[in-house]
Structure formats: structure tokens, C-alpha cells
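The values are calculated or read from the model by the stated rules, or taken from the named source; none is laboratory data. This structure is a prediction, so every number in the text was calculated from the model and none was measured. With ideal geometry, Cβ positions are generated from the backbone for all residues, glycine too; neighbour counts draw on all protein chains shown.
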């Protein structure tokens, strides 16, 4: 997980390098029961491939998930993800109107239902305003990344 970044509650202002979407999720707690839980999404220019989903009430090790922005976008339209993060769009045929995200960690699994429209709008209008799709790699210092991987700090 990357370190914490400054947050902006109103999306990217001129010169901003991050944006936050405060959302209310429904966390599945068992036997068809859900509880409401605030879960802000964050996007930062200095980690252009990732979005961060936070559980503000939990410890950082448990409460912060970083995953692909492309995975989130894909999951808005069709089932996506094979690893620790899996996403399903609303399924009208099953009466589900919310986006579903499953987070699989070493201590258990969390199943969240989230409103689709504000998330889709935030990705389009806020995160893609900061870093347009397909331009993420231009923001990476590939020499520094290679040196880090090679152990040259």
C-alpha cells in the first residue's frame, strides 16, 4: 500500500494532484444483513494506475485497499477481477441495483455494495481529468522504478 496523500473533497481543482469521492457503502455482515459504512475513494497523480478505497474506521493495514483504476472502470460495465479485488456491475435480472466489490484479504473477505452513478461520474469527470486514460505511464519515472527493483536505492 502506498502512503497517504492530501485529499480534496471537491474533486480536482486547477493544479490539484488528487481527488476524493466520499461514498456510503453497504457492507455485508451475514444472513442478508448489511450495515452502512463510509468508504471514500481516492485517486492521485503520483500513483496514476491505482485508486484507493479506504475504510476510515479501521486500521490502515485492514482499511486501505489500492487497486487498478482500469479494473474499477471495467467492473462498472462487466464482471472484472480475478485476484483480491473482484467487481460486478448492477444485475437487474437479480434485482441488484448497486455495484458490488469483493475484497479478499488474509484475515477475511469484505463484500460491499456501492452506488454506481456517482462512482462512474467521479472516474470520468475527476480522475480522468487529472490523468486521462492511456496516459498513466507518462507520469512514471521508469529509471527510478528500475533502480528500485534492482535494489539500487
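What is the number of the single condition among (1) within 19 Å of residue 41 (Cβ to Cβ); (2) in a helix (DSSP H, G or I) that residue 138 does not meet?
In the conditions (1) within 19 Å of residue 41 (Cβ to Cβ); (2) in a helix (DSSP H, G or I), residue 138 misses (1) alone.
Restricting the search to region 82-120, which residues are part of a helix (DSSP H, G or I) and surrounded by 12 or more Cβ atoms within 10 Å (Cβ to Cβ)?
Listed by number, the residues that qualify are 116, 118, 119, 120.
Inside region 102-126, can you point out the residues that are without any contact (Cβ under 8 Å) to a residue 60 or more places away in the chain and within 20 Å of residue 83 (Cβ to Cβ)?
102, 103, 104, 105, 106, 107, 108, 109 - these are the residues of region 102-126 that are without any contact (Cβ under 8 Å) to a residue 60 or more places away in the chain and within 20 Å of residue 83 (Cβ to Cβ).
How many residues are surrounded by fewer than 16 Cβ atoms within 10 Å (Cβ to Cβ) and within 11 Å of the chain's Cα centre (by Cα) if we restrict to region 22-39?
0
Give the number of residues within region 57-81 that are part of a loop (DSSP other than H, G, I, E, B) and within 14 Å of the chain's Cα centre (by Cα).
So the count comes out to 2.
Select from region 121-147 the residues that are within 15 Å of residue 74 (Cα to Cα) and modelled with pLDDT under 90 and write down the one among them that is surrounded by the fewest Cβ atoms within 10 Å (Cβ to Cβ).
Per the criteria, the residue is 134.
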